[in-house]
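Any read-out appearing in this document is the output of simple, stated calculations on the displayed coordinates, not a laboratory observation. Bear in mind that the values here come from a model prediction, so they are computed numbers and not experimental data. Cβ atoms come from the backbone with ideal geometry, glycine included; neighbour counts cover every protein chain shown.
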């Protein structure tokens, strides 16, 4: 299913997958259940200069022994926990990143001096705070 609407001149679309369960009883087909799920689609990515990406590089700690390392390579931002494989993070806006094909956002928090002091890993409106370790 596809839904299309125009909101104040902006065309908006959403795609859904629907599954219906029918049961034949009393000589009639009757719907017994229906489930609709929205397909996830990545937002448009914003290209940031390597100098901007370098601000995010560092080690972030969720708890002692649980760290995430953010690196910049080839003009792209990557993150890895421990020995896990790196995943690319794409900018949706300055300080706000997503991972392709994965719902949720990573928001880099700045302190009153404008320096990044934490990364907020937001999934389903639940936040995990990764504090930036001192360099």
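Among the listed options [x] 29; [y] 18; [z] 39, the one matching percent of Cα pairs over 27 Å apart as calculated from these coordinates is [z]. Using 0.36 nm per residue and subtracting the Cα-Cα separation, the extra length available between residue 127 and residue 61 on full extension is 22.4 nm. Comparing 24, 16, 60 in a Gaussian network model of the chain (Cα springs below 10 Å), the most mobile by mean-square fluctuation is 24.
Counting 0.36 nm for each residue step from residue 96 to residue 28 and taking away their Cα separation leaves a gain of 19.2 nm. Springs between Cα atoms under 10 Å define the GNM used for the chain, and in it the highest mean-square fluctuation of 121, 20, 42 occurs at 20. Placing dummy labels 7 Å off each Cα toward the beta-carbon, the span from residue 49 to residue 72 is 1.0 nm. Structural descriptor for segment 50-132: relative contact order 21 percent, calculated from alpha carbon pairs under 8 angstrom and at least 6 residues apart. For the options 83, 21, 50, a Gaussian network treatment of the chain with springs between C-alpha atoms closer than 10 Å singles out 21 as fluctuating the most.
The modelled label-to-label distance for the pair residue 110/residue 36, using points 7 Å beyond Cα in the direction of Cβ, is 4.0 nm.
The calculated FRET efficiency for the pair residue 21 and residue 84, based on their C-beta separation and a Förster distance of 30 Å, comes to about 0.20. Approximating the spin labels as points 7 Å out from Cα along Cα→Cβ, the residue 5-to-residue 134 distance works out to 5.2 nm.
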